[in-house]
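What follows is one structure encoded as structure tokens, with my remarks underneath.
The values are calculated or read from the model by the stated rules, or taken from the named source; none is laboratory data. Just so we're clear, the structure is a prediction, and the values are computed from it rather than from any experiment. Note that each Cβ is placed from the backbone with ideal geometry, even for glycine, and that neighbours are counted across all protein chains shown. Just so you know, the surface numbers come from the protein's heavy atoms only, side chains and all, with ligands and any DNA or RNA stripped out. Shrake-Rupley method; radii C 1.70, N 1.55, O 1.52, S 1.80 Å.
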Amino acid sequence: MNEMIQKIAATLYDKKAQDIVALDVSDMTVITDCMVIASGRSALQVKTLADEVEDKLAEAGIYPLRKEGQQEGRWVVLDYGTVLVHIFHTEEREFYRLDKLWEADNNRIALPFEAKEED
């Protein structure tokens, strides 16, 4: 699962998604084990980010169980069972604050590009 999360996050990072966060929510809900949350600056970018994640995982034979919001491009959810991918338009992300809702003391999953951004 960690490999899948890293692949999702790297794909989002490569396509210039903003504020990428991965959270382990396995102790907080039965819905999923992890959430990857990111933002796009426009509806078109949100749709493109979702398409790119779906394409990259499909190359590895991994397909979403469900997907929602692709038409509007304001909040796309890709449900991979153990991992939920939420891609927000920046305005929706600020409104719903999903990462703040699910972030706990130490449930943030380290992503490889975070170290680069801090330098």
- Report, by residue number, each residue of segment 82-94 that is at pLDDT 95 or above and surrounded by fewer than 17 Cβ atoms within 10 Å (Cβ to Cβ). Thr82
- Item | Check on Leu44, farther than 19 Å from Glu103 by Cα and open to solvent by 70 Å² or more (accessible area, probe 1.4 Å) | yes
- Item | First in segment 52-76 and on the phi > 0 side of the Ramachandran plot, second anywhere and open to solvent by 70 Å² or more (accessible area, probe 1.4 Å), Cβ under 9 Å, 6 or more apart | Gly69/Trp75; Gly73/Leu44
- Query: Is there a residue in segment 33-51 that is of a type in the set (S, T, N, Q) and not in a helix (DSSP H, G or I)?
  - Reply: yes
- Message: Kindly evaluate Asp33 against the criterion of being surrounded by fewer than 15 Cβ atoms within 10 Å (Cβ to Cβ), in contact (Cβ under 8 Å) with a residue 24 or more places away in the chain and not aliphatic (A, V, I, L, M).
- Response: no
- Go through segment 95-112 and give me each residue that's open to solvent by 80 Å² or more (accessible area, probe 1.4 Å) and over 12 Å from Ile37 (Cβ atoms). Phe95, Asp105, Asn106, Pro112
- Query: So how many residues does segment 40-81 have that are within 10 Å of the chain's Cα centre (by Cα) and more than 22 Å from Met1 (Cα to Cα)?
  - Reply: 0
- Query: Does segment 56-81 hold any residues that are touching a strand residue (DSSP E or B) at 6+ places or on another chain (Cβ under 8 Å), in a loop (DSSP other than H, G, I, E, B) and surrounded by 13 or more Cβ atoms within 10 Å (Cβ to Cβ), and which are they?
  - Reply: Pro64, Gly69, Gln70, Gly73, Arg74
- Going through (1) within 17 Å of Glu91 (Cα to Cα); (2) in a loop (DSSP other than H, G, I, E, B); (3) of a type in the set (Ser, Thr, Tyr) one by one, Ser26 fails only at (1)
- Task: Take Lys16 and decide whether it is at pLDDT 95 or above, over 11 Å from the mean Cα position of the chain (by Cα), under 11 Å from Val85 (Cβ atoms) and open to solvent by 70 Å² or more (accessible area, probe 1.4 Å).
- Result: no
- Give me the pairs, please: first residue somewhere in segment 92-108 and without any contact (Cβ under 8 Å) to a residue 40 or more places away in the chain, second residue anywhere and part of a strand (DSSP E or B), beta-carbon distance under 8 Å, and either six or more positions apart or on two chains. Glu92/Trp75; Tyr96/Trp75; Tyr96/Phe88
